[in-house]
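The values are calculated or read from the model by the stated rules, or taken from the named source; none is laboratory data. In this text, all values refer to a predicted model and were calculated from it rather than measured experimentally. For neighbour counting, all protein chains shown are included, and Cβ atoms are generated from backbone atoms with ideal geometry for every residue, glycine included. Areas reflect the complete protein model, heavy atoms only, side chains present, ligands, DNA and RNA absent. Shrake-Rupley method; radii C 1.70, N 1.55, O 1.52, S 1.80 Å.
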Amino acid sequence: MVSETSPDLTRSDRHIRGLSQFMMWAVTLLAGLLPIIVWGMWLFPDISGIAAQPAPGGGFGGGDLGWYVWPVRLGAAGLSTIGIAITVYGLLNLRTLFRQAMQGRYFSADAVIGFRQFALASLVGALWQPLEHTLTGVYLTVSNPHVPNALEISLGSGNLEAIGAALLFFVIAFILAEGRKRHEELELIL
């Protein structure tokens, strides 16, 4: 067992705290930029090139985008807002974990709760993604007079991987919670 005054522990602790500080700022920046980027893609399709890519249900259909007027753009951006909100919620809770780790409180209640909420948001987001894809496809094909209405339901390996990763995050959250309990028990003994 390494004592608390060991130089290895201090160096390791310093590295963890430095990396946690970097990750806290990176996650904060990502949480702030994500809504801007996604809304920008839907609201300004000429700049983002989203209309040139395959849309759910073939919703853009190629050619003239005269039908893709401002209210339709707002609706598409609104549909994506639900997924963005879930992701941003998860990222802000992940930020809490990194902030606690930056201060050396690796097993604090806030760190464990933050990671649990991130795991929950990851699972909800992974389950929402195929539904959002389906709803967006229906919305775009109903709005576009040049393509027939379509209902495209898909659940691919990417969706299953995201669900699996979210479940793995739950296991890690339970491990952190157990570590927190043991840390508290050790403090009571000492």
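Under a 1.4 Å probe, what is the accessible area of the chain per residue, stated in Å²? Mind showing how you got there, number by number?
Details: 11460 Å² over 190 residues.
Heavy-atom SASA per residue in the chain reads 60 Å².
Work out how much length residue 16 to residue 51 would gain on full extension: take 0.36 nm times their residue separation and subtract the Cα-Cα distance, in nm to one decimal.
Details: separation 35, 0.36 × 35 = 12.60 nm, distance 4.29 nm.
Extra length from residue 16 to residue 51 when fully extended: 8.3 nm.
Only helical DSSP H runs with n ≥ 4 go in: add -39500 (n - 2.57) per run for the chain, normalise by residue count and round the 222 nm mean residue ellipticity to 500 deg cm²/dmol.
The helix-only estimate for the chain comes to -27000 deg cm²/dmol at 222 nm.
Please report the relative contact order for region 7-188, taking Cα pairs under 8 Å with a sequence separation of at least 6, and give it as a percent rounded to a whole number. Working shown, then result.
On the way: 219 pairs, mean separation 47.5, N = 182.
Relative contact order, region 7-188: 26 percent.
Given a Förster radius of 22 Å and the C-beta distance between residue 25 and residue 85 as r, what FRET efficiency does 1/(1 + (r/R0)^6) yield to the nearest 0.05?
Details: r = 21 Å, r/R0 = 0.97.
Between residue 25 and residue 85 the formula returns 0.55.
Checking the a/c ratio against 1.5 first, then a/b against b/c, what shape does the Cα gyration tensor give for region 102-162?
Values: a/c = 5.35, a/b = 3.30, b/c = 1.62.
Taking the square roots of the gyration eigenvalues as a ≥ b ≥ c, region 102-162 is prolate.
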